């Protein structure tokens, strides 16, 4: 996943660096890099939601799950809902 993220990040940086005024269509390689990462990440999220999180809920104290969740949000720079 890290390899695919690296390629996707390069494409996303390319997009961000150009801004709306200098927009050009993505190349086939850029489109493929985003598609590959997106598909892989979707599977990763499904595994977390269907396997990892239920296992954590059944084996960890609720407080530990909250701490783990806050740490994940901090690392991803997101806010709780």
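What follows is calculated from the coordinates using simple rules that are stated; it is not laboratory data. Predicted, not measured: the structure shown is a model, and the values here were computed from it. Every residue, glycine as well, gets a Cβ built from its backbone with ideal geometry; the counts of neighbours run over all protein chains shown.
At-a-glance table
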item	result
Paramagnetic reach from residue 35 (point 7 Å along Cα→Cβ, amide N under 15 Å) across segment 6-22	8
Distance in nm between pseudo-label sites at residue 21 and residue 48 (7 Å out along the Cβ direction from Cα)	3.7 nm
Helix 28-47 vs. the chain, principal-axis angle (Cα, 0 to 90°, nearest 10)	10 degrees
R0 of 41 Å, Cβ-Cβ distance residue 14-residue 61: FRET efficiency to nearest 0.05	0.40
Within the chain, helix-based [θ] at 222 nm, where runs of 4 or more DSSP H residues each add -39,500 (n - 2.57), nearest 500	-23500 deg cm²/dmol
Protection proxy ranking of 45-55, 5-15 - average other beta-carbon atoms within 10 Å, highest first	5-15, 45-55
Cα point-scatterer Debye curve for the chain, base-10 log of I(q)/I(0) at q = 0.14, 0.18, 0.26 Å⁻¹	-0.67, -0.90, -1.20
